[in-house]
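Peer 1: Questions regarding the structure given below will be posed in turn.
What follows is calculated from the coordinates using simple rules that are stated; it is not laboratory data. Quantities reported herein were computed from a predicted structural model and do not represent experimental measurements. Heads up, the Cβs are rebuilt from the backbone with ideal geometry, glycines too, and the neighbour counts pull from every protein chain shown.
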Amino acid sequence: MSELADEFTQAQEDVKQLSKRPDNDSLLFLYAHFKQASAGNASGKRPGMFDVVGRAKYDAWAKLSGTSSEDAMTAYIGKVRELQAADQ
């Protein structure tokens, strides 16, 4: 797990080095998988309908309920590599 955690940490740094901002779907994917990997299943109250961004982020995270931390890390790392390949 330590190697996976190290790759996950590196992917968090790598995504900040992209030359262009990822599209909103990719950002939601990254957010949800980061939260699932680091905090587990979605918790707290779902944001109200006037908080469109907060609600989208919460819903994306909640869809991953039951996903293991390792699986979320692996998906996050894969998405960052995909974005890096498209960035070149």
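Peer 1: Read phi for every residue in region 69-83 and hand back ³J(HN,Hα) as whole Hz from Karplus 6.51 cos²θ - 1.76 cosθ + 1.60, θ = phi - 60°, with x for Gly and Pro.
Peer 2: Values per residue, Gly and Pro as x: 4, 5, 5, 5, 4, 4, 5, 4, 4, x, 5, 5, 4, 4, 5 Hz.
Peer 1: Right, another one. Which net charge results for the neighbourhood of W61, defined as the other residues with beta-carbon distances under 15 angstrom from its beta-carbon, given Lys and Arg at +1 and Asp and Glu at -1?
Peer 2: +3
Peer 1: For Q84 and F50 in one chain, what is 0.36 nm times their gap in residues minus the Cα-Cα distance, to one decimal in nm? Present the calculation step by step, with values, prior to reporting the outcome.
Peer 2: Details: separation 34, 0.36 × 34 = 12.24 nm, distance 3.34 nm.
Roughly 8.9 nm would be gained on extension.
Peer 1: While we're looking at this one, here's another question. Could you give the length gained by full extension between T9 and L27, i.e. 0.36 nm per residue of separation minus their alpha carbon distance, to one decimal place?
Peer 2: On the way: separation 18, 0.36 × 18 = 6.48 nm, distance 1.66 nm.
Difference between extended and current length: 4.8 nm.
Peer 1: Test of understanding: given the chain, find the longest segment containing no trypsin sites (Lys or Arg not before Pro) that are in a DSSP loop and have at most 15 other Cβ atoms within 10 Å. Don't jump to the answer; show the numbers that get you there.
Peer 2: On the way: sites that count: K20, K45, K63.
So the longest stretch without any such site is 64-88.
Peer 1: Once all Cα-Cα distances of region 2-87 are split into 5 Å bins that start at 0, what whole-number percent is in each one?
Peer 2: Result, from short to long distances: 3, 15, 25, 22, 18, 11, 5, 1, 0 percent.
Peer 1: Divide by every residue of the chain the summed helix terms, -39500 (n - 2.57) for each DSSP H run of at least 4, and state the resulting mean residue ellipticity at 222 nm, rounded to the nearest 500 deg cm²/dmol.
Peer 2: Values: 4 runs with 61 residues, N = 88.
Result for the chain, helices only: -23000 deg cm²/dmol.
Peer 1: Provide the per-residue ³J(HN,Hα) series for region 33-50, in order, calculated from phi with Karplus coefficients 6.51, -1.76, 1.60 and θ = phi - 60°, each as a whole number of Hz, with x at glycine and proline positions.
Peer 2: The phi angles translate into 6, 4, 5, 5, 5, 9, 10, x, 4, 4, 9, x, 7, 5, x, x, 5, 7 Hz.
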